[in-house]
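Visitor: I'd like to ask you about the structure that follows.
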Amino acid sequence: MKQKKMVAMILAGGRGTRLYDLTKKVAKPAVHFGGKYRIIDFPLSNCANSNITTVGVLVQYESVLLNSYIAKDHIWGLDIDGGGVYCLPPREKDVTGLGLYQGTADAITQNLDFLDQEDAEYVLILSGDHIDKMNYEKMLSEHIAKGADATIAVLEVPMKEASRFGIMNTDEDDRIIEFEEKPAEPKSNLASMGIYIFTYKTLRRYLKEDEKAKDSNHDFGKDIIPNYLKDGLKLQAYRFKGYWKDVGTIDSLWEANMDLISDKNTLDLSDPTWKIYTGDNNAIPQIIGPNAKIDVAYITQGCVVDGEVKRSVLFTGSRVDEGAKVIDSVIMNGARVGEGAVLERCVVMDDVKVPAHMHLGSKNSKNILLVTKALVNKKAEGKDHE
Amino acid sequence: MSNKMLGIVNLEPANVHVEGIDDYRPVSATSFLGRYRILDFMISNMTNSHIDDIQIYIKNRPRSTIEHILGTNYNVNSKKGRFSILYGEIQGNNELYNTDIANFKANIEYIEQSTADYVVIAPSHFVYIEDFNEMLAYHEKMGADVTIMYQSVSTAKEDFAMCDILEFSEGKRVAAMSKNTGKFKNRDISLECYIMSRNLFIELIQKATATSSLFWLSDVVSDSLGDLKVVGYPHKGYVTCINSLKTYYKANLELRDRLDDLVTEGWPIYTKTNDTQPTLYRECARVSGSLIGNGCEIEGTVIDSVIGRNVVIKAGAVVKNAVIMPSVLINKNAKIENAVIDKYAMITHIKELKGTEDEPIYVKRRDRI
């Protein structure tokens, strides 16, 4: 008998404006993370490890690099018969013409033909900007066991932070009875992670109706979930335990990187049974030079370090020259910290060269400094005038 | 252009014996520099030279080579290109007869099948960077029948033991070949890399077979110096010859400093990715002058060493001038100096292991000491 199929759909179209220059040229899911990864490696590897074979990636903003990256589905072992990674940008269609994705739900509505063609029984909705190691296969078996129409992954957050999230109020059996978006006075601490499993047949009907609704935002959280609740469908909360982070801002991206070197780190990237796969770039092994001093760091292949690195994460091919100091910072792919330069609480963007002896960031800064080419040039010019 | 040459990664000759290590795998498939296998350098030379039909010959223990080649994208079109792993049957149950010629002979139909005009034949235990298109252009310019790559060295006394020495007459023509017994300092050492037409290669295989079942390719070339125009092609740049435990150890430590210059953006060395996470340096880690693979967890001290993938070095441990292969555990307070530690070994009970630069200590694969 043919297995009932769950198709994953990763929402990867967001611009990520709160990441500023990091997403000026690349979509947020393609932003580098954790030394050697890109953010989208996490949902894609989780899909592969959860035995999902078909993944659609809904792209929209600055997607050239992202499209070419996800096209290499062999990276995650997804180049299998009857499966693969499908890049789904907004398309011009016979009836509706060309339209951008208007919301999370609309992005799926515009690809119902894809889900029909894939003969989906269940649809898994994922976000392209989360860092976690979730087993979607387990979530599906719970969805089936409970006979749910939709299952929403939730995370227990501290009560005082609950008003920042979409909160699920549940009964004793974890059936969702109420959904409140950023409630001022939260009744529960179960925050939606933006990860949903829907039984496709029902979802299809609701998306079709939503398409026609004039006052809809075409959004899962604002429209589809409330409609399900209104009609008394069975929505189940699925409690996820483990590391989860939305890396939507420079500070949270920095924090998620710093988590990797923390004693309390719960994101285990070394587990051979749940690897995070990523595109390899044939970099040489890391070279730790004769003058290097390393004190708590996460360093990957292609890095050349001859300076001081303290509580920092160095991404593929980055360099820290002799006498330079990198403290509490993230140095992204191919960036170079020149001789004697000092960085503290910085995220240095891909390929930025920090000139020798330049000082950037500070120990007591409120926010993490994003070091861009423009910033470095401006600072270097300013120095000439001094 | 790309079909002009068939690439052949040859067997290591009989003078190559890396004590201990080659009990487990061919030298060519040995872990190297924290991330590679030795043969990655030769295969990358070939594919970077746009050769996309490559035969890799192995004598025995093919598992690690097969797994590695299957898992590596050497940047060749996966439909158009071809990697063949070939081996001959040992004849007469005697290793003496297991020559490269015997292996070519056993697989002659695959050499005949090729449509390439030329073959480039090179073993992988000489590690260097070379563009074979330049060597081919030289071969054509010289109007040679056979071109042999060589390096003028001043260390023939201590290195390159039992390698072929080339002696030239006028115009880089090879007049004689002999074995390096370490009598002289300055010699022209053959890197055992040959370019010739594919037809001549097939002829030489036939000739060698007819002459002696002990003949290697270098013997039949040497035997033909009178009939054929054999010329030397000088290689410039770094070369190391891995033919013993000591030279394996030395090559690792030497390339520590040089790798960054040797491997450029235009000439990458391809290898299999293991999807291993970055290396974690903990609070008491002290690391300098070393080449480190991914996936390690370092709490101890590492000085002037090469550390393979997924190695754990616990607090208080000191690793100095050592080559540590993947997945080794160096437990608390162990002191390791001038050593080669093979894969999956665990150093727990012994608190000090110390060899010398000339005689590094070797710890076997999966040893628990």
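The values are calculated or read from the model by the stated rules, or taken from the named source; none is laboratory data. As the structure is a computational prediction, the values presented were derived from the model and not from experiment. Positions of Cβ are backbone-derived with ideal geometry, glycine not excepted, and every protein chain shown enters the neighbour counts. For accessibility, only protein heavy atoms count, side chains too; no ligands or nucleic acids. Shrake-Rupley method; radii C 1.70, N 1.55, O 1.52, S 1.80 Å.
Visitor: Any chance region B:187-209 includes a residue that's of a type in the set (K, R), open to solvent by 10 Å² or more (accessible area, probe 1.4 Å), over 16 Å from B:Q151 (Cβ atoms) and assigned to a loop (DSSP other than H, G, I, E, B)?
Guide: Within region B:187-209, not a single residue is of a type in the set (K, R), open to solvent by 10 Å² or more (accessible area, probe 1.4 Å), over 16 Å from B:Q151 (Cβ atoms) and assigned to a loop (DSSP other than H, G, I, E, B).
Visitor: A further question on this structure: Given A:G35, A:G84, which one is within 14 Å of another protein chain (Cβ to nearest Cβ) and at positive phi?
Guide: Answer to the check: A:G35.
Visitor: Applying the selection to region A:63-83, what residues are in a helix (DSSP H, G or I) and in contact (Cβ under 8 Å) with a residue 12 or more places away in the chain?
Guide: A:L65, A:L66, A:N67, A:Y69, A:I70, A:A71, A:D73, A:I75, A:W76
Visitor: Is there a residue being at the interface with chain A (Cβ under 8 Å from one of its Cβ atoms) and in contact (Cβ under 8 Å) with a residue 60 or more places away in the chain anywhere in region B:276-292?
Guide: yes
Visitor: When you go through A:N333, A:N281 one by one, which is the residue that is facing another protein chain (nearest Cβ under 10 Å) and closer than 24 Å to A:A256 by Cα?
Guide: Exactly one residue qualifies, and that residue is A:N281.
Visitor: Exactly one of (1) under 22 Å from B:H125 (Cα atoms); (2) out of contact with any Cys (no Cβ under 6 Å at 6 or more places or on another chain); (3) in a strand (DSSP E or B) is unmet by B:A175. Its number?
Guide: Only one criterion in (1) under 22 Å from B:H125 (Cα atoms); (2) out of contact with any Cys (no Cβ under 6 Å at 6 or more places or on another chain); (3) in a strand (DSSP E or B) is unmet by B:A175, namely (1).
Visitor: Here's a follow-up. Would you be able to tell me the number of residues in region A:29-80 that are within 17 Å of A:I131 (Cβ to Cβ) and among the small types (G, A, S)?
Guide: Summing the residues that are within 17 Å of A:I131 (Cβ to Cβ) and among the small types (G, A, S) in region A:29-80 gives 6.
Visitor: Could you look through region B:293-314, keep only residues that are at positive phi and more than 7 Å from chain A (Cβ to nearest Cβ), and pick out the one that is surrounded by the most Cβ atoms within 10 Å (Cβ to Cβ)?
Guide: Restricting to residues being at positive phi and more than 7 Å from chain A (Cβ to nearest Cβ), the top hit is B:N310.
Visitor: Moving on to the next point. Looking at region B:77-85, can you tell me whether even one residue there is over 14 Å from the mean Cα position of the chain (by Cα) and free of Cβ contacts under 8 Å to residues at least 24 places away in the same chain?
Guide: Yes.
Visitor: From B:A106, B:A116, B:A122, B:A102, which residue is open to solvent by less than 90 Å² (accessible area, probe 1.4 Å), touching a Cys at 6+ places or on another chain (Cβ under 7 Å) and in contact (Cβ under 8 Å) with a residue 12 or more places away in the chain?
Guide: So the residue among B:A106, B:A116, B:A122, B:A102 that is open to solvent by less than 90 Å² (accessible area, probe 1.4 Å), touching a Cys at 6+ places or on another chain (Cβ under 7 Å) and in contact (Cβ under 8 Å) with a residue 12 or more places away in the chain is B:A122.
Visitor: Let me ask something else. For region B:258-267, give me each residue that is surrounded by fewer than 18 Cβ atoms within 10 Å (Cβ to Cβ) and facing chain A (nearest Cβ under 7 Å).
Guide: B:D260
Visitor: Considering (1) more than 10 Å from chain A (Cβ to nearest Cβ); (2) among the aliphatic types (A, V, I, L, M); (3) part of a strand (DSSP E or B), say which one B:A251 fails and leave the rest.
Guide: (3) is the only condition that B:A251 fails.
Visitor: Could you pull out the residue among B:S290, B:S224, B:S218 that is out of contact with any helix residue (DSSP H, G or I) (no Cβ under 8 Å at 6 or more places or on another chain), modelled with pLDDT of 90 or more and hydroxyl-bearing (S, T, Y)?
Guide: Answer to the selection: B:S218.
Visitor: Which residue is surrounded by the most Cβ atoms within 10 Å (Cβ to Cβ), if the candidates are limited to region A:21-69 and must be at pLDDT below 95 and of a type in the set (D, E)?
Guide: Top of the filtered list is A:E62.
Visitor: Okay, moving on. Looking at (1) open to solvent by 40 Å² or more (accessible area, probe 1.4 Å); (2) within 23 Å of the chain's Cα centre (by Cα); (3) closer than 30 Å to A:S141 by Cα, which is the one condition that is false for A:G232?
Guide: (2)
Visitor: Residues in region A:36-62 that are within 15 Å of the chain's Cα centre (by Cα), in a loop (DSSP other than H, G, I, E, B) and among the small types (G, A, S): how many?
Guide: 0
Visitor: Could you please give the count of residues in region B:323-360 that are crowded, with 16+ Cβ neighbours inside 10 Å, more than 21 Å from B:R37 (Cα to Cα) and hydrophobic (A, V, I, L, M, F, W, C)?
Guide: Result for region B:323-360: 6.
Visitor: Got a sec? Which of A:A162, A:A153, A:A184, A:A148 is open to solvent by less than 40 Å² (accessible area, probe 1.4 Å), more than 23 Å from A:G84 (Cα to Cα), assigned to a loop (DSSP other than H, G, I, E, B) and of a type in the set (A, V, I, L, M, F, W, C)?
Guide: Unique residue meeting the criteria: A:A148.
Visitor: When you go through (1) more than 29 Å from A:D21 (Cβ to Cβ); (2) outside any strand (DSSP E or B) one by one for A:Y86, which number turns out not to apply?
Guide: (2)
Visitor: Mind telling me which of the residues A:K378, A:K366 ends up being loosely packed, with under 13 Cβ neighbours inside 10 Å, modelled with pLDDT of 90 or more and under 26 Å from the mean Cα position of the chain (by Cα)?
Guide: A:K366
Visitor: Tally the residues that are among the polar types (S, T, N, Q) and either more than 7 Å from chain B (Cβ to nearest Cβ) or part of a strand (DSSP E or B) (or both), restricting the search to region A:292-302.
Guide: So the answer is 0.
Visitor: Can you tell me which of (1) assigned to a loop (DSSP other than H, G, I, E, B); (2) farther than 22 Å from B:F201 by Cβ; (3) open to solvent by 10 Å² or more (accessible area, probe 1.4 Å) is the one B:A14 doesn't meet?
Guide: Exception for B:A14: condition (2).
Visitor: Would you say B:R37 is modelled with pLDDT of 85 or more and within 14 Å of chain A (Cβ to nearest Cβ)?
Guide: yes
Visitor: For region A:8-28, state whether one or more residues are under 20 Å from A:D351 (Cβ atoms), part of a helix (DSSP H, G or I) and of a type in the set (G, A, S).
Guide: no
Visitor: Among the strands (runs of 3 or more DSSP E) confined wholly to region A:303-358, which include 2 or more residues that are open to solvent by 10 Å² or more (accessible area, probe 1.4 Å), at pLDDT 95 or above and basic (K, R)?
Guide: Answer list for region A:303-358: A:308-314.
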